[in-house]
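The values are calculated or read from the model by the stated rules, or taken from the named source; none is laboratory data. A quick note: this is a predicted structure, and the numbers were derived from the prediction, not measured. In this analysis, Cβ positions are derived from the backbone assuming ideal geometry, glycine residues included, and neighbour counts consider all displayed protein chains. The protein model used for the area step is the full one, side chains on, heavy atoms only, and it has no ligands, DNA or RNA in it. Shrake-Rupley method; radii C 1.70, N 1.55, O 1.52, S 1.80 Å.
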Amino acid sequence: MTETAKLSLHVPEPAVRPGGQPDFSNVKIPKAGSVPRPEVDAAPEDMRELAYSIIRVLNRSGEAVGPWAGSLTDEEALAGLRDMMRLRAFDARMVMAQRQGKTSFYMQHLGEEAVSTAFRKALVKGDMNFPTYRQAGLLIAGGFPMVEMMNQIYSNELDPLKGRQLPVLYSSKEHGFFTISGNLATQYVQAVGWAMASAIKGDTKIAAAWIGDGSTAESDFHSALVFASTYKAPVILNIVNNQWAISTFQGIARGGSGTFAARGLGFGIPALRVDGNDYLAVHAVAKWAAERARKNLGPTLVEYVTYRAGAHSTSDDPSAYRPKTESEAWPLGDPILRLKNHLIQRGVWSDDRHKQAEAEITDEVIQAQKQAEAHGTLHAGGGPSVRDIFEGVYAEMPPHIRRQRQKAGY
């Protein structure tokens, strides 16, 4: 009788641990401009290869090449560069404020600025984002006042959410930014439901769902794909693959699917991977997916291949789980530097103008910070009062009921 071999459990391991030499040799990067751009009404089965490649526009020389190039004018690209610079400066000031004890918590976007700022430019007023905590660029690129974002971070007397949310969990219906949930995967289901409701009403607005690589392991992610594919909801399903969850590398959540985008294929959803550090590529793909949704062609799943250069949050020490120099070895570079070099190559920007813009933007952020810090906390205890918490949650009590309760001694 043949002895049966013992079973063993497979646990994915990152290629390199702290103290080791960073290695991204497993990241296959195609030549810029080499990935085809299908027609917006192409069948999902005819573009399967896009779930395994990476759409890139900017080459090593800073040139925009290939079929995905040309979705932005030079003026629009310059505005995008400023949006990314503004987000990075905002981050720097808020991280410093947290270190100074002015706020309890902050999460920065370092290295991921192109994803949200470029995507926002493909949407129109009335579209709704269901973001995670690293998409503040949707607000900044949409013209949302930075001082209002800071008011919430500081939970001061002008906090628009009156202390009901953690710092960085913003909300603005007017700017298409659905309030962020700390249970991140829930945003996916809500985005699909909102998109379905828009279609049922015969509206023209689309939704965008956002999730990180780690949260794709949650059941809500898969539930959302079921409903989006079945009812062809007008939604863009975004996965920001920044290589690390809180402290777990992306291979744990990805499992054996090869890529996160490939998970959409089993649901019959068009799935694309894009260079998340290439502003032009992100915008082109977002515009393509938005057009598909608006034409009643259903959902698109987009994986943004990027890298979280900073800590997960101000409560995190990434040196405990990844090499300190790993961000420097990331092969897709810095999104701001890449777009800057492209605009210089185009002859519409220069190093001197870039330095001047950095100074102007830093001053803009500092002035907003001064305004926010000029206001005290919601009340002496440092948080929301009982009135603040319940205001806007329950309906106003009718006057006759209030009088009856007062008469009864309540």
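Helix 186-200 axis versus longest C-alpha principal axis of the chain: approximately 90°, rounded to the nearest ten.
Please tell me which of these pairs span more than 24 angstrom C-alpha to C-alpha: K28/K232; K31/K287; K28/K295; K162/K287; K31/K295?
Working: K28/K232 31 Å; K31/K287 22 Å; K28/K295 33 Å; K162/K287 35 Å; K31/K295 31 Å.
Correct reply: K28/K232; K28/K295; K162/K287; K31/K295.
One entry in (1) 42; (2) 47; (3) 50 is percent of Cα pairs over 28 Å apart calculated from the shown coordinates; its label is (3). Ligands, DNA and RNA excluded, the heavy atoms of I252 present near 80 Å² of accessible surface to a 1.4 Å solvent probe. Under the convention that each Lys and Arg Cβ holds +1 and each Asp and Glu Cβ holds -1, the size of the dipole of the chain around its Cα centre is about 840 debye. With a Förster radius of 22 Å applied to the C-beta separation of F105 and R294, the computed FRET efficiency comes to 0.05. With the simple spin-label model, which puts each label point 7 Å out from Cα in the Cβ direction, the K407 to A320 separation comes to 6.1 nm. Between S181 and I366, the simple label model (points 7 Å from Cα in the Cβ direction) yields a spacing of 4.1 nm. When +1 charges are put on Lys and Arg Cβ atoms and -1 charges on Asp and Glu Cβ atoms, the dipole computed for region 60-185 relative to its Cα centre reaches about 380 debye. Per residue, the solvent-accessible area of region 61-116 (1.4 Å probe, heavy atoms of protein chains only, all protein chains present) comes to 38 Å². Ordering N277, A293, T314 by the projection of their Cα atoms onto the charge dipole of region 262-317, which places +1 on the Cβ of Lys and Arg and -1 on the Cβ of Asp and Glu, puts A293 at the extreme positive end. Note on the chain: with neighbouring protein chains present and a 1.4 Å probe, carbon and sulfur make up 52 percent of its accessible heavy-atom surface. The largest accessible area among L297, L225 belongs to the first residue in L297, L225, and the rest follow in falling order (1.4 Å probe, all chains). Straight-line cross-link reach from K355 at under 18 Å between alpha-carbon atoms covers these lysines, not counting any fewer than eight positions away in the same chain: K340.
The accessible-area ordering, largest first, of the residues D74, D46, D127 stands as D46, D74, D127, per a 1.4 angstrom probe.
Just by accessible area at a 1.4 angstrom probe, what is the order of K340, K324 from largest to smallest?
Order by accessible area, largest first: K324, K340.
Residue separation of I252 and K355 scaled by 0.36 nm, minus their Cα-Cα distance, works out to 33.0 nm of gained length. For L72, no residue 5 or more places off, or on another chain, has a built amide H under 5 Å of its own. Note on S116: accessible area is roughly 0 Å² with a 1.4 Å probe, heavy atoms of protein only.
In this structure the amide hydrogen of A208, modeled in the peptide plane, comes within under 5 Å of the amide hydrogens of M128, N129, F130, I236, none closer than 5 places in sequence on its chain. In this structure E76 has an accessible area near 90 Å², from a 1.4 Å probe over the protein heavy atoms. Rounded to the nearest Hz, the phi-derived 3J(HN,Hα) couplings of region 76-93 under the Karplus curve 6.51 cos²θ - 1.76 cosθ + 1.60 (θ = phi - 60°) are 5, 5, 4, 5, x, 4, 5, 4, 5, 5, 5, 5, 5, 5, 4, 4, 4, 5, where x marks glycine and proline. Antiparallel as a % of all DSSP beta bridges within the chain, to the nearest 5? So the antiparallel bridges amount to about 15 percent of the total.
Using the Cα centre of the chain as origin and beta-carbon charges of +1 (Lys, Arg) and -1 (Asp, Glu), tell me which of Y154, L9, L265 is placed farthest towards the positive end of the dipole. Looking along the dipole axis, the top candidate is Y154.
Per residue of the chain, the DSSP helices (runs of n ≥ 4 H) give a summed -39500 (n - 2.57) that works out to -11000 deg cm²/dmol at 222 nm.
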